[in-house]
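Everything on this sheet refers to the single structure shown next.
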Amino acid sequence: MRESLSRGLARVECVALLEPGDRLPHSESESVMTDQWRDLITMEPGKRGGRPCVRGMRITVYDVLSYLAAGMSESEILDDFPYLTADDIHACLAYAAERERRMLVVPT
């Protein structure tokens, strides 16, 4: 996936190294939750446009992160979406952290 971002006068091209179905290598020093997200976050070409989803359901990582960013608490999300668990929310955060850590920024 490639997308261009403009920040001030500098333009950079961001290349996300994660593709659907990829299982990223990780070091022993990373937390257990980092490993657990790999079992909870799925990507299927025919579901939500191949975006990362929670446990094969139609709720995306983006959905969960946007609720958190909008100020919803973990308990509010769990109340509104009873099929989600606290581990699902933590997996979304761990996935986003891993993706951010793996993003390569190439000046153009």
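Computed values, structure above
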read-out	value
Potential extension, Asp39-Ala97 segment - 0.36 nm per residue separation minus Cα distance	19.3 nm
Net +/- balance of residues flanking Thr85 in space, Cβ distance below 13 Å, scoring K and R +1, D and E -1	-4
Relative packing of peptides 41-50, 85-94, 54-63 - highest average C-beta neighbours within 10 Å first	85-94, 54-63, 41-50
Summed residue charge, Cβ within 9 Å of Tyr67's Cβ, Lys/Arg positive, Asp/Glu negative	-3
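Rule-based calculations on the coordinates, nothing more; no lab input. Keep in mind the model is a prediction, meaning the values are calculated, not measured. When we count neighbours, we look across all protein chains shown, and the Cβ atoms used for this are built from the backbone with ideal geometry, even at glycine.
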